[in-house]
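First up is the structure itself, then whatever we jot down about it.
The values are calculated or read from the model by the stated rules, or taken from the named source; none is laboratory data. All values reported here derive from a predicted model rather than from experimental measurement. Neighbour counts run over all protein chains shown; Cβ positions are idealised from the backbone, glycine included.
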Amino acid sequence: MPIKVFVAKDYDEMSKRAAKLIADSIKNKPNIILGLATGGTPVGCYKELIRMHKEEGLDFSKVVSFNLDEYVGLPSTHPQSYRYFMDENLFRHVNIKMENTHVPDGLSDNPEKTCKEFEEAIKRAGGIDLQLLGIGSNGHIAFNEPGSPFNSRTRVVSLSEQTIKDNARFFKSIDEVPRQAISMGIETIMEAREIVLLASGEGKADAVAKSLEGPITTEVPASVLQKHPNCTFILDEASASKLTRKAR
C-alpha cells in the first residue's frame, strides 16, 4: 500500500488536518494507544487537540501514550526534556491520566533496562495503534539517525552532528545539546498499526522527497515507511516542494 500524501497550504492547515485524524481515531477507540512525537512540528497539532478537548469535549481519559524518545542526561523538569515538552504542550491541558503517559527516563542509571522495560510496556498495552512522527532534515525518525538498522528496537543512540545543530535552536548554545538519547527503534515504530508523519518547511523538503520517492535505504531512515501498510504523510506546501508527484 503506497504512502498516502496530503499537502496542506500551510502549517496551520497541516496541524488541523493531523489533529482531526487523531481526534477521529480517539473517538473510534477511546482507549487508543498513541505514539507521540516532540519537536516544533507537532506543536500546532497538539494546540488543536487541546482546543478540541476544551471546546468540543474530546476525551483523553482512557488514552495511553508512548513517546518516541528522550534526551539522555536531562531531568524531566528540564525545559528541553521531552517529558517537560509533552506536559507543557499537551498532557497538562487535557484529561489524560499522567500514569498512562510514558516517556523514556533520560536519567536512568540502567539505560539498557529502561529500554527493555519501555518495549515491554508497549507490548503489555497491546501495541501502538497510531504513531505520530516528525522527520529530521537528514531523514531521521525519532532519533534513528542515518545508518540505523531497520530491525532496531528502543535503545540509547548517539545524535549526529546535523541533529545536534538542528536542535541547538532550542538550547542557549550548541554545547548544551545532549549528545545521546533513548529512542524507539525503527522496527518498534514500524509495528504501529497506523503511522502519520508531519513535515513543515523548506528545510524538510529534501528529506520528504527522498523518503517518499527515493530508494528504501538506511541512509534515509524514513524511507522504510514505504513498506508500512497504513502510513500517511501530512505536509505543507514548502516541505512538499521537491516532490515530483503532488497529492491532496
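Working carefully through the options 48, 55, 70, 13, find the one that is of a type in the set (Asp, Glu) and within 16 Å of the chain's Cα centre (by Cα).
70 is the lone residue from the list that is of a type in the set (Asp, Glu) and within 16 Å of the chain's Cα centre (by Cα).
Spot the failing condition for residue 169; the list is (1) at pLDDT below 95; (2) under 18 Å from the mean Cα position of the chain (by Cα); (3) under 30 Å from residue 23 (Cβ atoms), and only one is missed.
Here residue 169 clears every test but (2).
Just to be sure, is residue 22 touching a Leu at 6+ places or on another chain (Cβ under 9 Å), of a type in the set (Val, Ile, Thr), part of a loop (DSSP other than H, G, I, E, B) and on the phi < 0 side of the Ramachandran plot? Let's see the steps before the verdict.
Working: touching a Leu at 6+ places or on another chain (Cβ under 9 Å): yes; of a type in the set (Val, Ile, Thr): yes; part of a loop (DSSP other than H, G, I, E, B): no; on the phi < 0 side of the Ramachandran plot: yes.
Against the criterion (touching a Leu at 6+ places or on another chain (Cβ under 9 Å), of a type in the set (Val, Ile, Thr), part of a loop (DSSP other than H, G, I, E, B) and on the phi < 0 side of the Ramachandran plot), residue 22 does not qualify.
Only residues that are surrounded by 15 or more Cβ atoms within 10 Å (Cβ to Cβ) and under 21 Å from residue 76 (Cβ atoms): list them for the stretch 164-181, please.
Of everything in the stretch 164-181, those that are surrounded by 15 or more Cβ atoms within 10 Å (Cβ to Cβ) and under 21 Å from residue 76 (Cβ atoms) turn out to be 167, 177, 178, 180, 181.
Do you know which residues across the stretch 143-192 are in a loop (DSSP other than H, G, I, E, B), hydrophobic (A, V, I, L, M, F, W, C) and within 21 Å of residue 35 (Cβ to Cβ)?
Scanning the stretch 143-192 gives 143, 150, 159, 184, 192.
Quick check on residue 61: is it surrounded by fewer than 19 Cβ atoms within 10 Å (Cβ to Cβ), over 13 Å from the mean Cα position of the chain (by Cα) and touching a residue at least 12 places away in the same chain (Cβ under 8 Å)?
yes
What pairs come out if I take residues in the stretch 229-245 that are over 16 Å from residue 19 (Cα atoms) and pair them with residues that are assigned to a loop (DSSP other than H, G, I, E, B) and at pLDDT 95 or above whose C-beta lies under 8 Å away, six or more apart or interchain?
Pairs found: 230/193; 237/9; 237/10; 238/200; 238/201; 239/200; 239/201.
What residue, among those in the stretch 146-163 that are more than 16 Å from residue 104 (Cβ to Cβ) and modelled with pLDDT under 95, is surrounded by the most Cβ atoms within 10 Å (Cβ to Cβ)?
Taking the candidates together, the pick is 163.
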